[in-house]
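Student: Here you go, one structure.
The values are calculated or read from the model by the stated rules, or taken from the named source; none is laboratory data. None of these values were measured; they are calculated from a predicted model. Here the Cβ is made from the backbone with ideal geometry for all residues, glycine too, and neighbour counts use every protein chain on show. The area values use the complete protein model at the heavy-atom level, side chains included, leaving out ligands, DNA and RNA. Shrake-Rupley method; radii C 1.70, N 1.55, O 1.52, S 1.80 Å.
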Amino acid sequence: MLRILVIEDDPEAASYLVKGLSELGHTADQAADGQTGLQMALDSSYDIMIVDRMLPKLDGLSVIQELRREKNHTPVLILSALGQVDDRVKGLKAGGDDYLPKPYAFTELQARVEALARRPKSASQVETTYTVGDLTLDRMAHSCRRGDVEIPLQPREFRLLEYLMQHAGQVVTRTMLLENVWEYHFDPQTNVIDVHISRLRGKIDKGFDTPLLHTIRGAGYTIRDAVH
């Protein structure tokens with residue numbers, strides 16, 4: 001599952017894209033103009049961005065250029081009715097990673113999105129520190145702190161918290177945890193997750209005023225700051 005930002009001002013085209021991506025199991029957010037899209041991209045973490053070139057308030061190429069100036073290296077697929085060679089070159093030189101002329105087949109867009117998602121991240125793209133509220137996880141130092149308190153974690157607890165913080169604010173299902181933290185498939189009703197969640201909650205929330213790790217009944221778990 002990918003988290004994708006669609007910046008497209010045409011309501012019908014945007015709805016078609018968001019619906020198609022959601023049916024594939026991805027989470028798709030949408031912005032109707034360049035300024036809003038840029039702010040969403042800077043405020044949140046996305047796996048892929050799909051950006052229309054001709055946008056109100058701020059055109060697509062300017063959005064991409066500003067993101068790159070801000071050291072945001074999220075892969076960008078540019079969509080545009082401008083499909084000549086010079087247009088594609090301008091889009092790629094502006095910082096786009098791929099360029100798909102309109103009209104397009106959704107199956108091709110799907111394949112291009114999946115290809116962008118498979119690209120290995122450069123060192124500048126790989127996050128080494130995750131922060132939610134006053135909780136900080138440092139992957140390089142393999143350390144965890146909440147405020148001024150150092151929190152010792154077992155390797156599996158560290159990986160579990162890392163995965164939750166990578167998806168902060170999102171609901172993470174039991175199946176997602178089994179496949180990405182334990183890296184194997186078995187009965188999702190097993191209590192191994194409950195046991196580790198309970199231990200983790202005892203370490204990062206017990207004794208602190210604001211709980212960060214929440215159980216979403218019937219859905220899974222999420223880690224989020226109280227202000228959100």
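Student: Applying the Karplus parametrisation 6.51 cos²θ - 1.76 cosθ + 1.60 with θ = phi - 60° to the phi angles of region 54-70, what ³J(HN,Hα) value in whole Hz is obtained for each residue in order, glycine and proline being reported as x?
Tutor: 9, 10, x, 6, 7, 5, x, 5, 5, 4, 5, 4, 5, 4, 5, 5, 8
Student: Could you work out the relative contact order of region 124-223, using alpha carbon pairs under 8 angstrom and six or more residues apart, expressed as a whole percent?
Tutor: Dividing the mean separation by the residue count of region 124-223 yields 26 percent.
Student: Using the heavy atoms of the protein chains and a 1.4 angstrom probe, tell me the accessible area per residue for the chain in square angstrom. The partial results should precede the final answer.
Tutor: Working: 12250 Å² over 228 residues.
For the chain, the per-residue accessible area is 54 Å².
Student: Using Rg/Rh (Cα atoms, Kirkwood Rh) as the read-out, say which of [x] 1.07; [y] 1.04; [z] 1.02 was calculated from these coordinates.
Tutor: Label [z] holds the value from this structure.
Student: Given the chain, what percent of its DSSP beta bridges are antiparallel, to the nearest 5?
Tutor: 45 percent
Student: Moving on. With 23 Å as the limit, write out which pairs from 19/71; 57/102; 19/102 have Cα-Cα distances beyond it, or answer none.
Tutor: Check vs 23 Å cut-off fails for 19/71.
Student: Further question: Based on the mean of other beta carbon atoms within 10 Å per residue, what is the order of 101-114, 151-164, most packed first?
Tutor: 151-164, 101-114
Student: While we're looking at this one, here's another question. Give me, ordered by chain and number, the residues 5 or more places off residue 9 or on other chains with an amide H under 5 Å from its own placed amide H.
Tutor: It is none; the list stays empty.
Student: How much of the accessible area of the chain, probe 1.4 Å, is carbon plus sulfur, in whole percent? If you can, show how the numbers build up before the last one.
Tutor: Details: 6030 of 12250 Å².
That fraction is 49 percent.
Student: Okay, next question. Residue 143's amide H: which non-local residues (gap 5+, or another chain) put their own amide H closer than 5 Å, with H modeled 1.01 Å from N in plane and none for Pro or chain starts?
Tutor: 138
Student: Show that you can apply the helix-only estimate: for the chain, add -39,500 (n - 2.57) for every DSSP H stretch of four or more residues, divide by all residues, and state [θ] at 222 nm to the nearest 500.
Tutor: Per the formula, -11000 deg cm²/dmol.
Student: Percent relative contact order of region 3-117, based on C-alpha pairs within less than 8 angstrom and at least six residues apart?
Tutor: Dividing the mean separation by the residue count of region 3-117 yields 23 percent.
Student: Right, another one. Just to check I understand the Karplus step: with θ = phi - 60° and J = 6.51 cos²θ - 1.76 cosθ + 1.60, what whole-Hz values come out for region 83-96, glycine and proline as x?
Tutor: For region 83-96, the Karplus-derived couplings read x, 6, 4, 4, 5, 5, 4, 4, x, 6, 5, 6, x, x Hz, x marking Gly and Pro.
Student: Please give the charge dipole size of region 124-223, origin at the Cα centre, charges +1 on K and R Cβ atoms and -1 on D and E Cβ atoms. Round to the nearest 20 debye.
Tutor: For region 124-223, the charge dipole is close to 200 debye.
Student: Here's something else I'd like to know. Percent relative contact order of the chain, based on C-alpha pairs within less than 8 angstrom and at least six residues apart? Provide the component values of the computation, followed by the final result.
Tutor: Values: 333 pairs, mean separation 27.4, N = 228.
Dividing the mean separation by the residue count of the chain yields 12 percent.
Student: Using θ = phi - 60° and the Karplus form 6.51 cos²θ - 1.76 cosθ + 1.60, what ³J(HN,Hα) does each residue of region 163-175 get, whole Hz, x for Gly and Pro?
Tutor: 5, 4, 6, 4, 10, 3, x, 9, 7, 9, 7, 4, 4
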